[in-house]
Amino acid sequence: MGSEPNEAGPTDPADRIVGLDALRGFALLGILLINVWVFSMPESTLSNPTLYGDFTGANYWAWFVSHVFAQQKFITLFTILFGGGVVLFTRNAERRGDPVSELFFRRSGWLVAFGLAHAYLLWYGDILVAYGVCAFGVVAVRDLPARKLALAGLGLVAFPSVSEVLAGLTMDPSAIASTWQPPESALLSEVRTYRSGWLEQMTHRVPTSVQRQTTGLIGYTAWRVGGTMLFGMALFKWGVLTNERSSRFYRRLIGVGAVAGLAVILAGVWYIEANDWGIGAALFWRQFNYWGSFPLAGAYIGAVMLYCRRRSEGLVTGALAAVGRTAFSNYILQTVLATSIFYGHGLGLFGQLNRLELLGVVAAIWAVQVPLSVLWLRYFRFGPMEWLWRTLTYRSRQPLRVDRSE
């Protein structure tokens, strides 16, 4: 049975939107295709893949496919869904008569706390801090019409892009040399650091996390994340994320999004390769994928929604929805598994696997996460991190085990 309208507490699992959960699971799994690069290789290779490791033959194509179809697309999709979740959470709280602001601020505060622990204890690539911080801002405009939310989101997303283009037109390219083409000694030092023990890794993890959560957040991440959340809030209000639009709408979203997104992204690959991955083209190259990721993420939304509509009770839909319902737990689990594989306190494979082999690692982690998520939800109502987050948010112990009598 679902929660009654006047009953305080989080959304009951029975009341969840299957398409929304499946889309979240799809995004969470896809994020690992790119995060695995950051888990396994020096940080700078995320922007300039020519810096480290083999970049020819099958390894080049492994990068190419991941860049074109995954890089920034899945994190954009995940952020859109987080924005939609802001509207869903506050609407449900209002419907139940709960103190909306108090609950939401507590929820976001705990997300920041979890993110800080994740970043400094496990992996500097954390996104939870940015989500929590931006959530404090976007919730204030949740009642705006969808069109105004989308326009505001566009403005926020455009800011770092315009800033980078202007910088590229006016600055000396050598100013970004240290990040685009760091010396080999710096790359090898990072490799040695992450092949060493957990405490030794702090020499890179801590300052990198601080940079990402201060200047990186202010100059880039908050604009992109906050704007994308506003897009998600608009899409939720338009019924796009809840599978309420027509099949014709979703087919058009797939067609237009795929054509527009791939055209821009492939043009970017041509541009950077035509300039031989030079520093002068680096800032401009980022813009192609920056903008192309949005329409392609839209195509993914259309594809998943149509699939869920046609196979609502199917195995794939159920598996994706299970991952989506436990997305917070699975996000942390990806970090635990990946760092155990690549860092020195585990197998110590940092910097040793090529890009094709990394796809095998991704598949292996998926092979753990998907069946584990399905199995977990047979016995429990929430993932472990979801349960803890809800318990802290509502300041009352939430029921965890599935009641077989329901």
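The values are calculated or read from the model by the stated rules, or taken from the named source; none is laboratory data. None of the values given here were measured: they were computed from a predicted structure. Here the Cβ positions follow ideal geometry from the backbone for every residue, glycine too, while neighbour counts run over all protein chains shown.
A few comments on the model shown:
- Residue selected from region 350-361 under the condition among the hydrophobic types (A, V, I, L, M, F, W, C) and buried (at least 20 other Cβ atoms within 10 Å of the Cβ), by the criterion nearest to residue 21 (Cα to Cα): 358
- Evaluation of residue 147 against (1) modelled with pLDDT of 95 or more; (2) in a helix (DSSP H, G or I); (3) in contact with a Gly (Cβ under 9 Å, 6 or more places away or on another chain) (one fails), failing number: (3)
- Residue selected from region 39-58 under the condition farther than 30 Å from residue 240 by Cβ and among the hydrophobic types (A, V, I, L, M, F, W, C), by the criterion surrounded by the most Cβ atoms within 10 Å (Cβ to Cβ): 41
- Only one of the listed residues (135, 167) is touching a residue at least 12 places away in the same chain (Cβ under 8 Å), more than 21 Å from residue 93 (Cα to Cα) and small (Gly, Ala, Ser). That residue is 167.
- Here the condition is being small (Gly, Ala, Ser), surrounded by fewer than 22 Cβ atoms within 10 Å (Cβ to Cβ) and within 14 Å of the chain's Cα centre (by Cα); of 83, 97, 115, 109, it holds for 115 alone.
- Only one of 70, 113 that is under 24 Å from residue 326 (Cβ atoms), aliphatic (A, V, I, L, M) and in contact with a helix residue (DSSP H, G or I) (Cβ under 6 Å, 6 or more places away or on another chain): 70
- Total residues in region 203-220 satisfying the condition of being in a helix (DSSP H, G or I) and free of Cβ contacts under 8 Å to residues at least 40 places away in the same chain: the figure is 7.
- Of the residues 223, 270, 291, 285, the single one that is in a helix (DSSP H, G or I) and at pLDDT below 95 is 285.
- Count of residues meeting criterion [in a loop (DSSP other than H, G, I, E, B) and among the β-branched types (Val, Ile, Thr)] in region 52-99: 1
- Filter pass, residue 324 being more than 30 Å from residue 181 (Cα to Cα), touching a Phe, Trp or Tyr at 6+ places or on another chain (Cβ under 9 Å) and surrounded by fewer than 21 Cβ atoms within 10 Å (Cβ to Cβ): no
- Selection status of residue 182, touching a helix residue (DSSP H, G or I) at 6+ places or on another chain (Cβ under 6 Å) and modelled with pLDDT under 95: yes
- Checked against (1) more than 30 Å from residue 183 (Cβ to Cβ); (2) surrounded by fewer than 20 Cβ atoms within 10 Å (Cβ to Cβ); (3) in contact with a helix residue (DSSP H, G or I) (Cβ under 8 Å, 6 or more places away or on another chain); (4) in contact (Cβ under 8 Å) with a residue 12 or more places away in the chain, residue 144 passes all but a single condition, namely (4).
- Residue within region 308-321 that is in a loop (DSSP other than H, G, I, E, B), in contact with a helix residue (DSSP H, G or I) (Cβ under 7 Å, 6 or more places away or on another chain) and not hydroxyl-bearing (Ser, Thr, Tyr) present: yes
- Residue match in region 121-142 (condition: farther than 27 Å from residue 343 by Cβ, assigned to a loop (DSSP other than H, G, I, E, B) and at pLDDT 95 or above): yes
- All of (1) closer than 30 Å to residue 188 by Cβ; (2) touching a residue at least 24 places away in the same chain (Cβ under 8 Å) hold for residue 377 with one exception: (1).
- Index of the failed condition, residue 155 passing every other in (1) exposed (fewer than 14 other Cβ atoms within 10 Å of the Cβ); (2) at pLDDT 95 or above; (3) farther than 20 Å from residue 290 by Cα: (3)
- Selection count where residues are buried (at least 18 other Cβ atoms within 10 Å of the Cβ) and not in a helix (DSSP H, G or I), scope region 362-406: 3
- Residues considered: 247, 196. Of these, the only one that is touching a Leu at 6+ places or on another chain (Cβ under 9 Å), among the polar types (S, T, N, Q) and touching a residue at least 40 places away in the same chain (Cβ under 8 Å) is 247.
- Residue match in region 377-391 (condition: touching a His at 6+ places or on another chain (Cβ under 9 Å) and closer than 30 Å to residue 233 by Cα): no
- Number of the condition not met by residue 244 [criteria: (1) modelled with pLDDT under 95; (2) assigned to a helix (DSSP H, G or I)]: (2)
- Selected residue (criterion: surrounded by the most Cβ atoms within 10 Å (Cβ to Cβ)) from residues of region 158-185 that are of a type in the set (D, E, K, R) and part of a helix (DSSP H, G or I): 164
- Residues in region 262-284 that are buried (at least 17 other Cβ atoms within 10 Å of the Cβ) and in contact (Cβ under 8 Å) with a residue 40 or more places away in the chain: 5 in all.
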